Amino acid sequence: MSSQLILQPDAELSNDAPIMNGANSDVNFDDSGTLTVGTIAFGKTRQYARILLRFDLSDLPANAMILNATLRLVQGGGGTLATGGTFVARRLTRTDWTETGVTWNSYDAVHAWTAPGGDFSTTDQQSVTLSGLNQDLEFNALTNLAIDSLELRSALLSLLVVGPEVTNSTFVNFRPSEYEIPEERPRLTVTYAAPRLTVVDHADGSGATATLSGAADGSNNQLFMQSFQGELADGEWASAGSLMGNGDVTLDLPPGHYFAQAVSTLGTLLRATPVVYFVVSDAQESIHTRCAAAVQARIRLLALSGVSSEQVVIEKVPAIRNRQGADAFPAIIITPQRTAMPTVAGTNGRDDVQYDVLVAMIDRDNQEPTLTANLDRHLLWRQQVARAFRNQRLLGVPEVINSEVEPAEGLLDDAWKRELMASALLLRFTSREPRGF
């Protein structure tokens, strides 16, 4: 399955310009109204014209697998190509040339090219022969140049089009990006695949289904997963199946928290999907318990400064009396709180139920001289936790449609009495649930 990115810049976004040697070596032709390439006769002298084009591929997904890239230039405005000629598209090794400053001698009106006429590479260049005028020029094998620009050149594809540079007048004019008919402006079409992975919990203890979409037809796709124990890469990635192209893979897993990723291969091309976090449940745990477990997993993944995964715990009440030892603090204590059932919330067939989860953040020493450093770290914890949950769904609990965050320090008086630095956030999760049995 492939998608296309079509880049056809208008006058405001244009990045195209002709350049010419000889007497015009220091002249910028940005406003000439045409893209001229080839050999032009001025009396007994001959001058060569070339075209520079630049396209920004940054709109491609981060894991895009480029399958093809095609450049089309539309002829217009005359020329002298009676006997035909060969045109070559090459990669410019500089991407920082300026449209309003570029000349045969300079790439920005100030700095000189390493070689006059543009610094280019002949690797992966493409040649196309036209038999005469009134033919569009199409380079349909620029795939490697596009891949190179995406991986090595900040997604900027900069091209130099060279025409016949001979002793007789042989040139063609092409439409520029300023041309009034949008369809006739220079156009780069990039065909790509961007594999995506989703995982859906069966919610009955039988595991989950992983679905791969967006992968290239005929690609070989390997699925990998690992159980989540608090830190990504705590466990080892293990193979979880494979498939050709897109489709589903059933994951026979016990209840728990997991990460999954797919690696897609087509010939020499290789791309990985983003890592997916998912939960496998057995329908035996309450939604409130699952909310607390999802909060614990999410906070562990935040990797809060100075807090290990083992110090993010779920307890019945936010008490500190049983916490002992050198690693007892800092601690993030997660506690289920009240459940509310507003009578007017929900839809005609479903009710909104609110599940509160208290996140208590407790650290040693609220006295000087460590107050300033400890306070800043503590405030950063609160900021990170709040951002991870407010105004969004709760990963791992699909019933939750929204989350709210509010302060809840009043519940931690006991910690302050023991000279511990303590604060809390109350997370309120709204779950939309069926009505009745």
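The values are calculated or read from the model by the stated rules, or taken from the named source; none is laboratory data. Note that the coordinates shown come from a computational prediction; the quantities given were computed from them, not determined experimentally. Methodologically, a virtual Cβ is constructed for each residue, glycine included, from the backbone with ideal geometry; neighbour enumeration extends over all protein chains shown.
Residues in region 177-193 that are of a type in the set (A, V, I, L, M) and surrounded by fewer than 22 Cβ atoms within 10 Å (Cβ to Cβ): ILE181 only.
Taking each residue of region 103-129 that is free of Cβ contacts under 8 Å to residues at least 12 places away in the same chain and looking for partners that are in a strand (DSSP E or B) with beta-carbon atoms closer than 9 Å, six or more apart or interchain, yields ALA112/SER106.
Answer with yes or no whether ILE332 is touching a residue at least 24 places away in the same chain (Cβ under 8 Å), within 32 Å of the chain's Cα centre (by Cα), outside any helix (DSSP H, G or I) and closer than 14 Å to LEU358 by Cα. Talk me through it step by step, then tell me what you get.
Working: touching a residue at least 24 places away in the same chain (Cβ under 8 Å): yes; within 32 Å of the chain's Cα centre (by Cα): yes; outside any helix (DSSP H, G or I): yes; closer than 14 Å to LEU358 by Cα: yes.
Against the criterion (touching a residue at least 24 places away in the same chain (Cβ under 8 Å), within 32 Å of the chain's Cα centre (by Cα), outside any helix (DSSP H, G or I) and closer than 14 Å to LEU358 by Cα), ILE332 qualifies.
Of all residues in region 15-51, those satisfying the criterion of being of a type in the set (Gly, Ala, Ser) and surrounded by fewer than 19 Cβ atoms within 10 Å (Cβ to Cβ) are GLY22, ALA23, SER25, SER32, GLY33, ALA41, GLY43.
Does region 134-157 contain at least one residue that is in the same structural domain as ASP10 (by TED's automatic domain parsing), assigned to a loop (DSSP other than H, G, I, E, B), on the phi > 0 side of the Ramachandran plot and over 26 Å from the mean Cα position of the chain (by Cα)?
From region 134-157, those in the same structural domain as ASP10 (by TED's automatic domain parsing) are 134-157; that's our starting set.
From what is left, the residues that are assigned to a loop (DSSP other than H, G, I, E, B) are 134-136, 140-142, 153-155.
Retained after the next criterion (residues that are on the phi > 0 side of the Ramachandran plot): 134, 154-155.
Now restrict to residues that are over 26 Å from the mean Cα position of the chain (by Cα): 134.
Within region 134-157, one or more residues are in the same structural domain as ASP10 (by TED's automatic domain parsing), assigned to a loop (DSSP other than H, G, I, E, B), on the phi > 0 side of the Ramachandran plot and over 26 Å from the mean Cα position of the chain (by Cα).
Here ASP59 meets the list (1) in contact with a Leu (Cβ under 7 Å, 6 or more places away or on another chain); (2) modelled with pLDDT of 95 or more; (3) surrounded by fewer than 17 Cβ atoms within 10 Å (Cβ to Cβ) almost entirely, failing just condition (2). Sub-7 Å Cβ pairs linking a first residue in region 242-263 that is under 19 Å from ARG300 (Cβ atoms) and not assigned by TED's automatic domain parsing to the domain that holds SER206 to a second residue that is modelled with pLDDT of 85 or more and assigned to a strand (DSSP E or B), at least 6 apart or interchain, number zero. Taking strands (runs of 3 or more DSSP E) as the structural unit, those lying wholly within region 62-107 and holding at least 2 residues that are more than 22 Å from ILE6 (Cα to Cα) and in contact with a Ser or Thr (Cβ under 6 Å, 6 or more places away or on another chain) correspond to 85-92.
Based on what the data block shows, is VAL385 at pLDDT 85 or above, of a type in the set (Val, Ile, Thr), assigned by TED's automatic domain parsing to the domain that holds SER423 and not in a strand (DSSP E or B)? So VAL385 fits the description; yes. A Cβ distance below 7 Å, combined with a sequence gap of six or more or placement on separate chains, defines the contacts here; from region 67-80, residues that are under 23 Å from ALA194 (Cβ atoms) reach residues that are among the aromatic types (Phe, Trp, Tyr) and buried (at least 20 other Cβ atoms within 10 Å of the Cβ) in the pairs LEU67/TYR192; THR70/PHE139; LEU71/PHE139. The set of residues in region 378-387 being more than 15 Å from LEU358 (Cβ to Cβ) and of a type outside the set (D, E, K, R) consists of HIS378, LEU379, LEU380, GLN383, GLN384.
β-branched (Val, Ile, Thr), in contact (Cβ under 8 Å) with a residue 24 or more places away in the chain, on the phi < 0 side of the Ramachandran plot and not assigned by TED's automatic domain parsing to the domain that holds PRO274 - does that describe any residue in region 38-48? Talk me through it step by step, then tell me what you get.
So the first thing to find is which residues in region 38-48 are β-branched (Val, Ile, Thr), and the list is 39-40, 45.
After this cut, where a residue has to be in contact (Cβ under 8 Å) with a residue 24 or more places away in the chain as well, the list is 39-40.
Restricting the remaining residues to those that are on the phi < 0 side of the Ramachandran plot gives 39-40.
Subsequent filtering for residues that are not assigned by TED's automatic domain parsing to the domain that holds PRO274 retains 39-40.
Within region 38-48 (the criterion being β-branched (Val, Ile, Thr), in contact (Cβ under 8 Å) with a residue 24 or more places away in the chain, on the phi < 0 side of the Ramachandran plot and not assigned by TED's automatic domain parsing to the domain that holds PRO274), the answer is yes, since at least one residue qualifies.
Here's a check for you: in region 351-380, which residue that is of a type in the set (A, V, I, L, M, F, W, C) and crowded, with 18+ Cβ neighbours inside 10 Å is modelled with the lowest pLDDT?
At the first step, the residues of region 351-380 found to be of a type in the set (A, V, I, L, M, F, W, C) are 353, 357-362, 371, 373, 375, 379-380.
Now narrow it down to the ones that are crowded, with 18+ Cβ neighbours inside 10 Å: 353, 357-362.
Working: VAL353: 88, VAL357: 95, LEU358: 93, VAL359: 94, ALA360: 89, MET361: 88, ILE362: 83.
Looking at residues that are of a type in the set (A, V, I, L, M, F, W, C) and crowded, with 18+ Cβ neighbours inside 10 Å, I get ILE362.
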